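**Student:** First, the structure itself, so that you have it in front of you.
Readers should treat all values here as calculations from the given coordinates under stated rules, not as data from a laboratory. Keep in mind it's a predicted model, so treat the numbers as computed, not measured. We place every Cβ from the backbone using ideal geometry, glycine too, and count neighbours over all the protein chains shown.
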Amino acid sequence: MKLKPLADRVIIRQKEAEEKTKSGIILAASAQEKPEIYEIVEVGPGGMIEGNEVVMTVKKGQTVLVGKYSGTKVKVDDEELTIVKQSDILAIVE
């Protein structure tokens, strides 16, 4: 199945948690904190949203920072994805 976001929506995939600390200590899965860093999978077309023109400034493949409780989680072909509005994206990670 393929998802195509509408309007100002963006589909993102969460990056993997770090398995080691900077000092080399290996973390158990329960101790790993999931980062709020995501990779953009698909971007909607933008357009007129509630009477305002929305231009999409993010692109597929970019790495972004998103608020902890933002978006709607969906499962597609055993892959967990999140759908957020472009305005829920806090920053582009370079």
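**Student:** Between MET48 and THR72, what is the label-point separation in nm under the 7 Å Cα-to-beta-carbon projection?
**Tutor:** 2.3
**Student:** Also, quick follow-up: Report the label-to-label distance for LYS85 and GLN14 in nanometres (one decimal), using points 7 Å from each Cα along the Cα→Cβ vector.
**Tutor:** 2.2
**Student:** Please go through the range 56-94 and write out the trypsin sites (Lys or Arg not before Pro) that DSSP classes as loop and that have at most 12 other C-beta atoms within 10 Å.
**Tutor:** LYS59, LYS60, LYS68
**Student:** Could you put ASP77, ASP88 in order, starting from the residue whose Cβ has the fewest other Cβ atoms within 10 Å?
**Tutor:** Values: ASP77 7, ASP88 18.
Neighbour counts put them in this order, fewest first: ASP77, ASP88.
**Student:** Distance in nm between label sites at MET1 and VAL93, each 7 Å beyond Cα in the beta-carbon direction?
**Tutor:** Result for the modelled spin labels: 2.7 nm.
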